[in-house]
Amino acid sequence: YLSLAKKLGLMPEQILRNVYVSTKTGTTEIDILVISKKGLLVFECKNYSGTIYGDGQRKYWIQYLGGRKFLFLNPTWQNRAHVRHLKELFADIDDLPIIPFVVTTGNANWKLKNINPNDHVLYWTGQHLTTVYRKLPNWSDADKYYTKIRGRLKRLERPDEAVRETHVERLRRR
């Protein structure tokens with residue numbers, strides 16, 4: 001969070017964490033959202049160890065850790081769903097750029113293929129956020145819509161315990 005603010009020259013109020021957006025089936029949790037001059041930056045953060053095998057065209061990726069195999073949802077697909085829900089939330093702002101990022105941390109050995117370049121999987125490829133961010137075009141209406149976007153998202157940040165528990169329970173059932 002602090003590193004993000006420093007690297008991109010953002011004010012803390014531009015960064016929202018644990019944002020819960022309503023969907024047709026419940027809620028989706030977005031790890032970090034940034035309201036910037038580029039648009040909305042949507043971060044899905046993954047902290048894994050072991051070896052990760054992922055294919056951008058497959059729903060599940062595999063983690064091998066301690067001789068065991070674990071499946072987890074493709075984070076690029078997960079983040080695309082976040083983008084889709086945000087587009088619904090901001091349907092009244094036609095040209096709002098919403099840019100997905102998957103940030104990989106931890107000491108995993110990432111072995112990925114078929115990743116869409118618009119998904120921005122950072123650190124796996126050696127891509128760094130500041131490099132990608134600088135290449136993104138500025139959104140001409142950023143100042144015009146900042147207050148509206150922040151107001152709508154701020155209400156969804158870090159909801160009460162009941163919302164979080166319902167979200168987690170729904171994920172367990174899936």
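Key figures for this structure:
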| item | result |
| --- | --- |
| Sulfur and carbon atoms: percent of accessible area, the chain [1.4 Å] | 50 |
| Amide proton proximity set for Gly39, modelled H, under 5 Å, gap of 5+ | Trp139 |
| Whether region 1-98 is rounded, prolate or oblate, judged on the alpha carbon gyration tensor where a/c under 1.5 counts as rounded | oblate |
| Under 13 Å, Cβ to Cβ, from Tyr53 - net charge with Lys/Arg +1 and Asp/Glu -1 | +3 |
| Net charge contributed by nearby residues that have their C-beta within less than 14 Å of Asp119 (K/R +1, D/E -1) | +3 |
| Under-5 Å amide H pairs with Trp110, H placed in peptide plane, nonlocal only | Ile52 |
| Gyration tensor verdict on the chain (Cα atoms; rounded if a/c is under 1.5, prolate if a/b is larger than b/c, oblate otherwise) | oblate |
| Surface per residue (accessible, 1.4 Å probe) for region 23-95, Å² | 50 |
| Selection from Ile115, Ile149, Leu136 lying farthest towards where the dipole of region 51-154 points positive, charges on Cβ | Ile115 |
| In sequence order, calculated HN-Hα J values of region 135-147 (Karplus, 6.51, -1.76, 1.60; Hz; x Gly/Pro) | 7, 6, x, 5, 8, 5, 9, 4, 5, 4, 9, 3, 4 |
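The values are calculated or read from the model by the stated rules, or taken from the named source; none is laboratory data. Fair warning: this is a prediction, and the values are worked out from it, not measured in the lab. Neighbour counts run over all protein chains shown; Cβ positions are idealised from the backbone, glycine included. Keep in mind that these areas ignore ligands, DNA and RNA; they rest on the heavy atoms of the full protein, side chains included. Shrake-Rupley method; radii C 1.70, N 1.55, O 1.52, S 1.80 Å.
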